[in-house]
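Data first, discussion second: the structure below is written as structure tokens.
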Amino acid sequence: MSGHGPAIPMTSRPCGPLKGEAHVPGDKSISHRSLILGALSVGETRIEGLLEGDDVLATAEAMRAFGAEVEHLGPGEWRVNGVGVGGFAEPEDVIDCGNAGTGVRLIMGCMATTGITATFTGDASLRSRPMGRVTDPIALFGAASYGRDGGRLPMSVVGAADPVPVRYTVPMPSAQVKSAVLLAGLNAPGQTVVIEQEATRDHTERMLAGFGAEITVEDTDEGRVITLTGQPELKPQDIVVPRDPSSAAFPVCAALIVPGSDVLVPNIGLNPTRAGLFDTLRDMGANLTYENLREEGGEPVADLRARYSPDMHGIEVPPARAASMIDEYPILSVVAANATGQTVMRGVKELRVKESDRIEAMASGLRANGVNVEDGDDWWIVTGMGAGKVPGGGTAVSHLDHRIAMSFLCLGMAAQNPVSVDDGGPIATSFPIFEPLMTGLGAQLVRANR
Ligand code: S3P
């Protein structure tokens, strides 16, 4: 798990129109949380539409290691028999979370208030990412952690046998950190309060309420104040995982830049904490419409229709929107390269600590394909070349980052020359059917260097 095997070089050739329906997989954030909350409930949770990507499969394996029964019933269909809040058993071996920052951070949170010890590792990307953002708050509950220099994995967490509840202001906009603290708070007595200054994806709050926890959210001058009452008995649920807007972003954006395209991406969740990219694309002049807008499980859902949009223009992306589209900046920069004028992205420091340094990875790959990019600590600017004017012809390094690999393959679909990535293997972490889905629409992807 802690690596995906030999690199898979891939090339995307300029292609004709993308046409048809793109049924993207289940939401990665909700898939992780479904398994974890299922494992923390008493009884049987049923999940439909689970994303069966490597990241989520690692979380399923981890839940087994902590004592839950996790069974794969059929495509996307899973059953979890939980051990209840505070019921985690000590794993016999190291927990390998692969590439998944969400997996490892949320699971560290869950076990931090249980009197057990667990050791976590992951692939080279995950081992380079900061864990201090989680180990700092879990220390307040009474947990100790011992990791490598810079708070990096491998790391052992010694959970607090006698946890105390905490009040914690999350210092960076991070749903993973917020969620880790809330999950730790589940097994602490009394009320745990988490404050976030910028709203981030709220799946943990919504799902905890759905599983029967007492949780309130209040918008105050301090920020979003989330109060969780500890030691509830979580009730098992039947969950239908919505399709992932972060995966939908790829066929949507590819359709906007490939001449003649018209693609329908059905059943996409438009939770406002996730949908910032679609607003941004519309602000840039994209022909992107929401069809059949409806509500499902309390969340807005629509079928997205994206048509070739040769007249898109660069904009200054509102920094306040960053958290709601944090995973979508790589593919946005590909659209920006095909628009006219500059697209300015500020307030995006968090991009530097994702699966890769996403500003650096995109900037160097775009430059290698003839696009001008300037960047600084927490900003970057892409100078658009206009529709169909990106030269292409370069190879980008994916740095074990699925979204970097998929973004450059989309760039190649609309460039003047093929675009290659050194390794498309990481795509399997979040979007295992990317290749057949995109080629089914008309993309020309091959597993080889140009
Ligand atoms: C996620 C939160 C985000 C996002 C990640 C999924 C989650 O990370 O980038 O892909 O499911 O909570 P941060 O919390 O680090 O911003």
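Do we find a residue being under 21 Å from Gln237 (Cα atoms) and touching a residue at least 24 places away in the same chain (Cβ under 8 Å) anywhere in region 69-76? Break it down into steps so the answer makes sense when it comes.
From region 69-76, those under 21 Å from Gln237 (Cα atoms) are 69-76; that's our starting set.
So of that shortlist, the ones also touching a residue at least 24 places away in the same chain (Cβ under 8 Å) come out as 70, 76.
Yes, the conditions are met somewhere in region 69-76.
Is it true that Asp311 is out of contact with any His (no Cβ under 6 Å at 6 or more places or on another chain) and in a loop (DSSP other than H, G, I, E, B)? I'd like the intermediate steps shown before the answer.
Details: out of contact with any His (no Cβ under 6 Å at 6 or more places or on another chain): yes; in a loop (DSSP other than H, G, I, E, B): yes.
Taking the combined requirement at face value, the residue satisfies it.
State yes or no: is Gly103 outside the structural domain of His399 (by TED's automatic domain parsing), surrounded by fewer than 23 Cβ atoms within 10 Å (Cβ to Cβ) and at negative phi?
Taking the combined requirement at face value, the residue does not satisfy it.
Can you tell which of Gly122, Gly132, Gly147, Gly151 is within 25 Å of Val353 (Cβ to Cβ), buried (at least 18 other Cβ atoms within 10 Å of the Cβ), modelled with pLDDT of 95 or more and within 16 Å of the ligand (Cβ to nearest atom)?
Gly122
Answer yes or no as to whether Ala209 is more than 16 Å from the ligand (Cβ to nearest atom) and under 23 Å from the mean Cα position of the chain (by Cα). If you could, list the steps in order and put the result at the bottom.
Working: more than 16 Å from the ligand (Cβ to nearest atom): yes; under 23 Å from the mean Cα position of the chain (by Cα): yes.
Yes: the conditions hold for Ala209.
Going through region 1-55 one residue at a time, which ones are among the basic types (Lys, Arg), closer than 23 Å to Val80 by Cβ and away from the ligand (no atom under 16 Å from the Cβ)? Full working, then the answer.
Residues of region 1-55 that are among the basic types (Lys, Arg), as a first pass: 13, 19, 28, 33, 46.
Filter once more, so that each one left must be closer than 23 Å to Val80 by Cβ: 28, 33, 46.
Result: Arg46, single match.
Does Ser364 satisfy the condition of being part of a loop (DSSP other than H, G, I, E, B) and of a type outside the set (Phe, Trp, Tyr)?
Numbers: part of a loop (DSSP other than H, G, I, E, B): no; of a type outside the set (Phe, Trp, Tyr): yes.
Here the answer is no, as Ser364 does not meet what is asked.
Which of the residues belonging to region 163-179 are more than 9 Å from the ligand (Cβ to nearest atom) and touching a residue at least 40 places away in the same chain (Cβ under 8 Å)?
Pro163, Pro165, Thr169
The values are calculated or read from the model by the stated rules, or taken from the named source; none is laboratory data. None of these values were measured; they are calculated from a predicted model. Virtual Cβ from ideal backbone geometry, glycine too; neighbours counted across all protein chains shown.
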